[in-house]
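See below for the structure under consideration.
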Amino acid sequence: MIDYQKELNDQQFDAVQNGDGPCLVLAGAGSGKTRTITYRVAWLLEHGVNAQNILLLTFTNKAAKEMIERVENLLGADALGLWAGTYHSIANRLLRRYAVRIGYQNNFSILDQEDAQELVTLCIKDLKIDTKARRFPKARAVHDVISFSANKGCSIEHALEVRFPQFLGVKNEIETIADAYTKLKFSQNSMDFDDLLIKLRNLLRNDDAVREQLANNFKYVLVDEFQDTNTIQAEIIKLLAGKHQNIFVVGDDAQSIYSFRAAEIKNILQFPDQYAQTKTFKLTKNYRSTPQILSVANAVIANNVSQFEKQLEPIIADGEFPQLVSAPNAYGEADFICDKIRHASAGGVPLSDIAVLFRASFHSQALEFELMKRGIDYEYRGGLKFFERAHIKDVIAHLRLINNIKDVTALMRALRIHPGIGLVTAQKIAVECASSEAANQIPNLNFKVGAKVEAGLQGFKRVVVKLINSKQTPADYIRAFTSSDDYQFYLNNEYQNAGERLEDLEQFALFAEQETNLGKFLDYVALTQEYGAEHQDKTLEDDRVILSTVHQAKGLEWHTVFIINLAEGQFPHKRVLDEPDGLEEERRLFYVATTRAKKQLFLTYPVTCGYDSVEYNHPSTFVLEIPQKCYKTISVGPISSIKPTGRMKNDSWEEPTIVFDSLGERTNKTAPSSFLRDISDL
């Protein structure tokens, strides 16, 4: 028998031994959530519950597998028959058993993302929708709308209004496609991932015999990460636990950050209202972070109104105070972070135990450049590295063709973003364009092409005209390209995060303002990654700093964490502030970021942005919510020409009196990076 009192703290033990009936376990960051749910399963098995009567729902197969392995290690025996897995995997098992009751054969196919998009494409063609005349969204974007609607449990129109307003003009067509897509899947005896949940939910709703059979079988239902469930998942859980009411959900409302995936925080906040006589357990003992780090997290999250109030209690010893760092600009911020990374690495902290977290992918651009310059290897999570991103490649292709009209590869990429121009056609047109003397001759060229290709070709020419009419510096070219109606239409119809991609491109333009010569700028761009690789410390090949969006960092932890670009309008992000409860979710996101740090936490922001015209940043709302006693303040770079800096107090700015570099030495060095000059002789 397991000695539960010895293995668990008093909060965990209370939840494990008293977990019958409806139970809400509020597990704060680093409080042993997985340990609690694992020991609860072991407790049930040791107390005579048949494994086949236990259902454990998780969000990843990896989590389910790890929990089963932990249970088996605890018991020293197989947990044979335990129903454990993701919502989709459990739904698949059940639907195979009852497929005929919903009109399917039990050998139905499951469509992956690519399969689903191909089926949507087929529907668009079958409906004879003219996708060229009005820049109709690509099949991928249409499927995103359909999928969000399914997971949110809302109409296509509502999905468009709250998530995809750029497609409202083609609402009727998308509704028709969604209907055709549903019918086509059914005719092919196939389901996509959304169907697995919807079909199971509908089966449990409408078939009394099946619902009673399953609810009777699952005497105990345990749910991990309950704050991340959507409406459909919450209803499935309620229906399966309807007979015995032994539902044990573990989660943290303070870490609910996935509303963009249709997660509903109200599922956890309203759990006591949904289940009579709910027992609530709070796990607040934090085994991860120092008291100083937790004081920051507790102070900020306390400002949320919609929450279960709790205070994380530190278990480990005192550590360093978090540091609030103001830098002159993004490059000074990057310079500081790289200095600190080198300093921590020299002190024995593995690079892989250091993370830089940011609200949006474009926030990392200046830091990526500096890491490459210094030869510090990094792993990017939550997307592609800067120069690997499609929209960055798009703009670089256009800069290349302006600089060198003979560059057929660049011409082909530039042509293919326009409707009606495929690979073969793009190659033919590109070869003809390359016979010109310069890009300014392209608008006057005549090509023998069909009507559909001609429409796309005119779009290409419009973009080129806008480029050649710009001021002809790299930054001007980039802004001319990104402001063109044709490219903005392309982004909006190709991607659901078009706004973030445009912000990426503006950051690229800000960086480009450091160079006025297009050829030299393109040399730098082409050589940057190779330049960084040449200086790479090969002994640290597998030891990489982690760069990650906060969303991707949830559930992870590192010795040292930097949270960057903590400027108002960036984090919290200005776009979410108009959304219902948007600020509260941003605050939860900041809470998640701070609680990833074990020993060291740095909160950084650039005082200014821009280059020729400088704009001043206010520190993030979340920074201002932290009591000054909770952190130390550091200012890096010169202050003579950078005002305001420091932090707000009584509607005025507190000025730092001494300027330090990132290692604590007084300095007058300038912050902007000089890596363009570093390769000027190459």
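The values are calculated or read from the model by the stated rules, or taken from the named source; none is laboratory data. Computed from a predicted model, the values in this text were never measured in an experiment. Because the Cβ atoms are built from the backbone with ideal geometry, glycine has one as well, and the counts that use them run over all protein chains shown. Accessible surface is based on the protein model in full, side chains and every heavy atom, while ligands, DNA and RNA are left aside. Shrake-Rupley method; radii C 1.70, N 1.55, O 1.52, S 1.80 Å.
Points worth noting:
- Rg over Rh, two decimals, the range 89-235 (C-alpha only, Kirkwood Rh): 1.01
- Descending Cα extents along the principal axes, the range 194-313, whole Å: 55, 29, 24
- Relative contact order for the range 270-340: 34 percent, from Cα pairs under 8 Å spaced at least 6 residues apart, divided by residue count.
- Computed log₁₀ I(q)/I(0) - Debye formula, equal Cα scatterers, no solvent, the range 151-217, q 0.13, 0.15, 0.17, 0.26 Å⁻¹: -0.52, -0.65, -0.77, -1.13
- For the listed peptides 593-606, 510-523, a ranking on the average number of other beta carbons within 10 Å per residue, highest first, reads 593-606, 510-523.
- FRET efficiency for the pair residue 342 and residue 381, taken as 1/(1 + (r/R0)^6) with r the Cβ-Cβ distance and R0 = 22 Å, rounds to 0.55.
- Cα→Cβ-extended label distance, 7 Å offset, between residue 278 and residue 179, nm: 3.9
- Gyration tensor (alpha-carbon) shape descriptor, the range 62-130, a/c threshold 1.5: oblate
- When only alpha carbons are used to place a centre, the range 91-108 and the range 200-261 end up 19 Å from one another.
- Segments 210-220, 455-465 sorted - mean Cβ within 10 Å per residue, highest first: 455-465, 210-220
- Length added when fully stretched, residue 101-residue 483, from 0.36 nm per residue minus Cα-Cα: 132.2 nm
- Rg/Rh, computed from the Cα trace of the range 253-361 with Rh as the Kirkwood radius, has the value 1.06.
- Computed E for residue 216/residue 78 - FRET, C-beta separation, R0 25 angstrom, nearest 0.05: 0.55
- Taking only protein heavy atoms and a 1.4 Å probe, the accessible area of the chain is 46% carbon and sulfur.
- Relative contact order, whole percent, for the chain stands at 17, derived from Cα pairs under 8 Å and 6 or more residues apart.
- Rough spin-label spacing in nm, given labels placed 7 Å along Cα→Cβ, for residue 172 and residue 393: 3.8
- Expressed as a fraction of 2.2 N^0.38 Å, the value expected for a compact globular protein of N residues, the C-alpha radius of gyration of the range 383-460 is 1.09.
- When each of the peptides 291-303, 486-498 is scored by the mean number of other C-beta atoms lying within 10 Å of its residues, the order from highest to lowest reads 291-303, 486-498.
- Subset of 406/428; 199/266; 282/310; 238/282; 62/282; 33/310 violating a 18 Å alpha-carbon distance limit: 199/266; 238/282; 62/282
- Net charge, residue 246 excluded, C-beta distance under 14 Å - Lys, Arg +1, Asp, Glu -1: +4
- By the equivalent-ellipsoid construction on the alpha carbon gyration tensor, the range 1-153 comes out with semi-axes of 43, 19, 12 Å, ordered largest to smallest.
- Share of pairwise Cα separations in the chain, more than 36 Å, in percent: 50
- Diffusion coefficient (Stokes-Einstein, Kirkwood radius over C-alpha pairs, 10 °C, 1.306 mPa s) for the range 14-102: 112 µm²/s, rounded to a whole number.
- Accessible area per residue for the chain is 43 Å², calculated with a 1.4 Å probe on protein heavy atoms, without ligands, DNA or RNA.
- As a length-normalised measure over Cα pairs under 8 Å and 6 or more apart, the relative contact order of the range 29-153 settles at 18 percent.
- Extension gain (nm, one decimal) between residue 49 and residue 2, 0.36 nm per residue minus Cα-Cα: 15.4 nm
- Sum of -39500 (n - 2.57) over DSSP H runs of 4+, divided by residues of the chain (222 nm, nearest 500): -14000 deg cm²/dmol
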